[in-house]
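S.K.: First the structure, which I've put down as structure tokens, then a few questions once you've had a look.
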Amino acid sequence: MKQIVCTIFITLAAVFLSSAQSLMEEKEKNTYLGIKPEIKATQINGSNRSQDSHTLMPALERVTKNHLLFPSKERNMIYRSPQTGQPIFVLAQPVSSPTARLAYTGEIPNVSYLLQLNALLGLSNAEKMFRVYQTDIDPLGGKVLRLKQYYNSLEIEGSESVIHINQNGGLTSWNGLYINPTTIKITSFSVSEQTAVQKALTDLGADKQVYELSDAEKTFLEYSGPSVRAVYYIDNKVVQTCVPAYIIEIRPNFMDWMEYVIDANTGNILAYYSKTCHVDGPRTSKGADLNGAQQTINTYQIGTSYYAVDGSRSMFKLSASSMPDNPVGAIQTLDLKNTWGSSTTFTSIKSSTNIFNATTISAHYIAGKAYEYYSTVHNRNSINGNGSTIISFINVADPDDGTAMDNAFWNGKAIYYGNGNTLFKPLAGALDVGGHELTHGVIQNTANLSYSGESGAINESMADIFGCMIDSLDWQIGEDVVKPGNYPTGALRDLSDPHNGGTDLSDAGWQPRILSEKYKGSSDNGGVHINSGIPNYAFYLLAQSTKRTSAEKIFYRALTTYLVRSSQFIDLRIACIQAAKDIFGNSSAEAIATGNAFDTVEITENSGTPISPASDDVFVNNGKDLLLAYNTNTNNSQKLFRLELQTSTKTPISNTVISNKPSVTDDGKKAYFVNSANQIKMVTLTLSSISEQIVEQHKIWNNVAISRDGKRLAATTIDQDTSIYVYDFVSQYWVRYQLYSPTFSDGIKSGGPIYADALEWNATGDQLVFDCYNEFENVDGSNISYWDINFIQVWDTIVNDFGDGTITKLFPSLPADVSVGNPTFAKNSRSIIAFDYIDEAASELYVMGCNTENNDLNAITYSNVLSYPNFNRTDTKLAYVYDAGTSTTSRKTIWYIDLAADKISSDPAGTEDVLYDYSTWPVYYSNGTRLATSVLFKTAETQSLLVFPNPNNGDASLLIEANESSNGVVKITDASGKMLSTISITMSAGENNIPLSLPANAPAGFYLVAVESGQKKWIGRLVKL
Amino acid sequence: MKITFPVRSLFIAATLLWISIHNTSGQSNKVKIDTLDHYIEFGSGGGITGQAQGHMLTYSGNVYKAIRTLDNELTISFVKKIKKSRAKRFFKAAQKQISPDFQFNEPGNRYQYLYLKTAQYTKKVVWGSLSKPAPKQIIKLSTKLQKLIL
């Protein structure tokens, strides 16, 4: 089995790399102090090209449960704080039984709702933790309970939440803030109340007059002395903590009224506020806007200065604000002062007279009107629905060259208004423009529609629609700021007539009105500002046939509860019709009118595909749906078992204790795994003749993967060995691939991969996907360590020999404390991968899917242990591991989740359920075959290319047999995939001898030479000595 | 001086065209416009108008202001000329970073773009999505190009 080429002594004097107890613990390799057996392998070091290598996906951003369609196994919709990971909004499952709904007639005691919070929030004593302090009637029916949280019978100051009860008495949602009691580390109050009061008085004495009030003053102020409340206080200064504290209200003199929060153990001042109302606080200011109209805006007074900060709304949180520059829950207008580039600065807008200029008044007024619109019409609390500060910038110059900006935009954080140039007057002069931009923020926080193609057109349309609803006098957009002569109607766009006075796209402001007029070019990111005319017109028609108020509610509900990032026009139609049914009834005139409106603009039921499915590029295996899994029940000696999914028949396969996930050939006949003695074993899966044998006896192996055709095997060892080993059953060669980091980020001083663990072959058997533990040293001397996912080229299908070991990363970078691992390919799509995403800081684990072809990335579901995801035969389900045990007892369980057609997101109409209890390492497989022409790859017809002489000194010739004269291109890439040169050639019919020279500075090594001509492609390998 | 091209006739109209261009000081300069099948365009677009504007660097070192309407009509006006050797370095860097296989199209409400047109291939890179930032090497190249117009 082992033909010697050269000997590599696998003496891995590994250094123990300490790491904290983590979710990745089971993948960590321990130090091995003994001497390893040796195997003989050719070593390939791959190509260590740094700095400019490409990755398959863009940088990975942090994931939270907000990214999940169903963030709970119980399918309650749970939104969590990205900062703390605690639930902040939970939509409870609706009461499923109509009978149960009808049965509700009487008053349900509040405690029953508090008890329900145990299940919703994962608590055990919610009825003791929360107290209802206020009950309000919900105008839409039902009621609203307001809760405060208590700990040890003391209030947790600021921990307030709300329960919504529907008219049937069902709990529909909980939202707000609560503190997990386990995070309260200190419970004692060691500082006395008197000491705390003295601490406050001492602090007050530094800048205020402090004296004992006279009896007359006390009577007037109804004040008998400092009041002290013992509480648990949420301190958000650095990281969120909850500590025992005293809240002290104190009047140091006749004028001032102060509140102090004193730590009840350290005596430190945690916070202090002035409660004196007659100086600082919300004010109003009147003035002319950019159109000369008198407007009233809300400002904020601090001392003798007034700021363009609206702190008058219910979302405003003074205690969390740093006024005037960093308010929380306010509407704030800032001035960029036409600065740009590296000189960009902005300031708070301040006035000593409470009089502001027209641009400030316009921008500030618009933001307030937009806030009020969403609040009153849609019951939405600001842009993010949770009271986020609305920020507008005025006097914005073109960010690229500092010229006057003829535009306004939303950049994901704020609204930016240019002062106009050739086409427009100052953009802040238009309420609909501001409403449009603020709506982009709402979209970002709801459907998060992308900005290209039909999704982008829906994005722009929604911004136009709600901009138009906020500025409800007409159906036009931008008519208040367009300079004369630039647009035929004087408006940028018109919802009531998207043609807007033009005849085609060459006329400024023209948009298609119906689908057959849709722009199909690539300009404007696929016509996002052009094709928005079609849904705009559908909205207009709906508003005309019903009411504006009905249409806006339908589109808002569609946006906020149905549409997703990739939604197309057909999705919009379906979403709006469903939204109309939700609000007005299944057979309502509004639902019918919605369908009619979309029919008129030609977005019909058959006009598109709801989502972009990931196509199969390999024929599907035609065998049975089977699952190989590992029994974790220690009382059961049968370990590896087969589950026939159609009949749920379980068949034991092996009693061998194994150390990692098994790997199965594509025909379902053999499984490979590593036993507890760290040897590689193979078991046949044919039930009539199950047999098991050791195929590699050295006791060094940790993980193994068999290629789909069963011809090659890849493995990693139990040591911290920076290698992957590949064995070819045909040539009986081992090759050891040395791992390297293909990219370095800025700020990295040294380090790299330490060892690989999980492996899997791709469909064509030339590439492995693997996860890898890395350690790096930053330039500041600090160390970072993480797991990432890489691809390595281990086989060359053209020359049918071992590959050059080129490594490509899946992600160029990961968020801090995040690792990714256990990658698995979809069974039938080369570009689809599922993997574990582990956030060590938040102690959260997600099962993710990505499509490297279009860079789409989704959180499919979550788990609480490494989930080892695996696609089923048809890529319609994903199996994964979830620990259903308690805090002290593990009970690993295999779950499955139905996938949407894109294969990387959960199916909204699908299910997620337990597949098999007490088991792990699920591997779906089938015992059939794929069709003979099994690869559906859409590549050109590929032939081998003769390169001679080979090896050479960089000068060689290509011999190509062409059927006809044609033009072609010769592309030379180095082993890492870097394109070195592209040469145009002309070929004659018959044999062509084409001279070729590598660049003079090309180092010795392997190079790939490809010749492309029409659908034909020749590929060969050049070796420079 | 401004030159407006419907894009489809851009390359024909501009091929090896000698034109007189007045700079901002009123002096007349002879500037050779290359075939314009070899240029780098960089800029930004989006917002409520959807218009895109930026600058164009040709292989011979001419820098133009470039404005594109929604239907991709391009208007260019001469800004400055840089050394041909410097322009070549930009093209070398651009071709290195934006290879024929490179893909990145993640616009936001406001987006930035790099458009590379060479004799062999054309490629547009778009970024602006908060959730999908552009690769560092693209940002770096864009920043260097932006400095051309400072």
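The values are calculated or read from the model by the stated rules, or taken from the named source; none is laboratory data. Because the structure is a prediction, the values reported are computed rather than measured. For neighbour counting, all protein chains shown are included, and Cβ atoms are generated from backbone atoms with ideal geometry for every residue, glycine included. With ligands, DNA and RNA removed, areas are computed over all heavy atoms of the protein, side chains included. Shrake-Rupley method; radii C 1.70, N 1.55, O 1.52, S 1.80 Å.
S.K.: When you check B:Asp71 against the structure, is it within 11 Å of another protein chain (Cβ to nearest Cβ), farther than 26 Å from A:Asp398 by Cα and open to solvent by 10 Å² or more (accessible area, probe 1.4 Å), yes or no?
M.R.: no
S.K.: A further question follows. Which one is most open to solvent (accessible area, probe 1.4 Å), of the residues in the range A:494-513 that are within 13 Å of another protein chain (Cβ to nearest Cβ) and touching an Asp or Glu at 6+ places or on another chain (Cβ under 7 Å)?
M.R.: The residue in question is A:Ser506.
S.K.: Within the range B:35-49, track down each residue that is away from chain A (no Cβ under 14 Å), more than 16 Å from B:Tyr113 (Cβ to Cβ) and either open to solvent by 10 Å² or more (accessible area, probe 1.4 Å) or at pLDDT 90 or above (or both).
M.R.: Correct list: B:Thr35 only.
S.K.: Given A:Ala457, A:Ala428, A:Ala463, which one is in contact with a Phe, Trp or Tyr (Cβ under 7 Å, 6 or more places away or on another chain) and of a type outside the set (Val, Ile, Thr)?
M.R.: It is A:Ala428.
S.K.: Continuing with this model, one more query. Being within 11 Å of another protein chain (Cβ to nearest Cβ) and of a type outside the set (Asp, Glu) is the filter here; which residues of the range A:391-413 pass it?
M.R.: Correct list: A:Val396, A:Pro399, A:Gly402, A:Thr403, A:Met405, A:Asn407, A:Ala408, A:Phe409, A:Trp410, A:Asn411, A:Gly412, A:Lys413.
S.K.: Just need a number here: residues in the range B:115-150 that are open to solvent by 50 Å² or more (accessible area, probe 1.4 Å) and of a type in the set (Phe, Trp, Tyr).
M.R.: Summing the residues that are open to solvent by 50 Å² or more (accessible area, probe 1.4 Å) and of a type in the set (Phe, Trp, Tyr) in the range B:115-150 gives 1.
S.K.: Considering only the range A:521-560, give the helices (runs of 4 or more DSSP H) lying wholly within it that have at least 2 residues that are hydroxyl-bearing (Ser, Thr, Tyr), more than 14 Å from chain B (Cβ to nearest Cβ) and open to solvent by 20 Å² or more (accessible area, probe 1.4 Å).
M.R.: The helices (runs of 4 or more DSSP H) meeting that bar are A:533-545, A:548-557.
S.K.: Here's something else I'd like to know. How many residues, within the range A:933-945, are surrounded by 14 or more Cβ atoms within 10 Å (Cβ to Cβ), modelled with pLDDT of 60 or more and not in a loop (DSSP other than H, G, I, E, B)?
M.R.: Selection size over the range A:933-945: 1.
S.K.: Within the group A:Val564, A:Val601, A:Val618, which residue is crowded, with 16+ Cβ neighbours inside 10 Å and within 14 Å of another protein chain (Cβ to nearest Cβ)?
M.R.: A:Val564
Rundown of residues vs (1) at pLDDT 90 or above; (2) more than 25 Å from A:Pro823 (Cβ to Cβ); (3) in a strand (DSSP E or B), yes/no style:
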{"position": "A:Asn633", "(1), (2), (3)": "no, yes, no"}
{"position": "A:Ser637", "(1), (2), (3)": "no, yes, no"}
{"position": "A:Leu643", "(1), (2), (3)": "yes, no, yes"}
{"position": "A:Thr647", "(1), (2), (3)": "no, yes, no"}
{"position": "A:Pro652", "(1), (2), (3)": "yes, yes, yes"}
{"position": "A:Asn660", "(1), (2), (3)": "yes, no, no"}
{"position": "A:Asp667", "(1), (2), (3)": "yes, no, no"}
{"position": "A:Val674", "(1), (2), (3)": "yes, no, yes"}
{"position": "A:Asn678", "(1), (2), (3)": "yes, no, no"}
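S.K.: Criterion first (free of Cβ contacts under 8 Å to residues at least 60 places away in the same chain and under 13 Å from A:Glu157 (Cβ atoms)) does A:Tyr232 satisfy it?
M.R.: Against the criterion (free of Cβ contacts under 8 Å to residues at least 60 places away in the same chain and under 13 Å from A:Glu157 (Cβ atoms)), A:Tyr232 does not qualify.
S.K.: Now for a different question. Tell me which of these A:Leu473 doesn't satisfy, since it passes every other one: (1) within 13 Å of another protein chain (Cβ to nearest Cβ); (2) within 15 Å of A:Ala430 (Cβ to Cβ); (3) exposed (fewer than 15 other Cβ atoms within 10 Å of the Cβ).
M.R.: Here A:Leu473 clears every test but (1).
S.K.: While we're looking at this one, here's another question. So, of the residues in the range A:259-284 that are assigned to a strand (DSSP E or B) and touching a helix residue (DSSP H, G or I) at 6+ places or on another chain (Cβ under 8 Å), which turns out to be modelled with the highest pLDDT?
M.R.: A:Ile262
S.K.: Please work out if A:Glu602 is farther than 29 Å from A:Thr893 by Cα and modelled with pLDDT of 95 or more.
M.R.: no
S.K.: Which residue out of B:Leu116, B:Leu148 is touching a residue at least 60 places away in the same chain (Cβ under 8 Å), closer than 21 Å to B:Gly46 by Cβ, under 17 Å from the mean Cα position of the chain (by Cα) and more than 7 Å from chain A (Cβ to nearest Cβ)?
M.R.: B:Leu116
S.K.: Moving on to the next point. So, in the range A:414-432, of the ones that are within 12 Å of chain B (Cβ to nearest Cβ) and assigned to a loop (DSSP other than H, G, I, E, B), which residue ends up surrounded by the fewest Cβ atoms within 10 Å (Cβ to Cβ)?
M.R.: A:Thr422
S.K.: Would you pick out the residues in the range A:903-931 that are within 19 Å of A:Ser829 (Cα to Cα), open to solvent by less than 20 Å² (accessible area, probe 1.4 Å) and in a loop (DSSP other than H, G, I, E, B)?
M.R.: A:Lys903, A:Ile904, A:Ser926, A:Gly928
S.K.: Return the residues of the range B:75-101 that are facing chain A (nearest Cβ under 10 Å) and open to solvent by less than 20 Å² (accessible area, probe 1.4 Å); say none if nothing qualifies.
M.R.: Result: B:Ser99, single match.
S.K.: If you take the residues of the range A:477-493 that are open to solvent by less than 20 Å² (accessible area, probe 1.4 Å) and touching a Gly at 6+ places or on another chain (Cβ under 8 Å), which of them is nearest to A:Ala428 (Cα to Cα)?
M.R.: Filtering the range A:477-493 for residues that are open to solvent by less than 20 Å² (accessible area, probe 1.4 Å) and touching a Gly at 6+ places or on another chain (Cβ under 8 Å), the one nearest to A:Ala428 (Cα to Cα) comes out as A:Val481.
S.K.: While we're looking at this one, here's another question. When you go through A:Ser516, A:Ser455 one by one, which is the residue that is surrounded by fewer than 19 Cβ atoms within 10 Å (Cβ to Cβ), more than 10 Å from every other protein chain (Cβ to nearest Cβ) and assigned to a helix (DSSP H, G or I)?
M.R.: Of the residues listed, the single one that is surrounded by fewer than 19 Cβ atoms within 10 Å (Cβ to Cβ), more than 10 Å from every other protein chain (Cβ to nearest Cβ) and assigned to a helix (DSSP H, G or I) is A:Ser516.
S.K.: Of the residues in the range A:840-858, how many are within 14 Å of chain B (Cβ to nearest Cβ) and open to solvent by 10 Å² or more (accessible area, probe 1.4 Å)?
M.R.: Matching residues across the range A:840-858 total 8.
S.K.: Can you work out which of the residues in the range B:50-68 that are farther than 18 Å from A:Asp401 by Cα and either touching a Phe, Trp or Tyr at 6+ places or on another chain (Cβ under 7 Å) or open to solvent by 10 Å² or more (accessible area, probe 1.4 Å) (or both) is modelled with the highest pLDDT?
M.R.: Residue satisfying both the conditions and the ranking: B:Thr58.
S.K.: Restricting the range A:165-200 to residues that are among the aliphatic types (A, V, I, L, M) and outside any loop (DSSP other than H, G, I, E, B), which is farthest from the chain's Cα centre (by Cα)?
M.R.: Step by step, filter the range A:165-200, then rank; the result is A:Val197.
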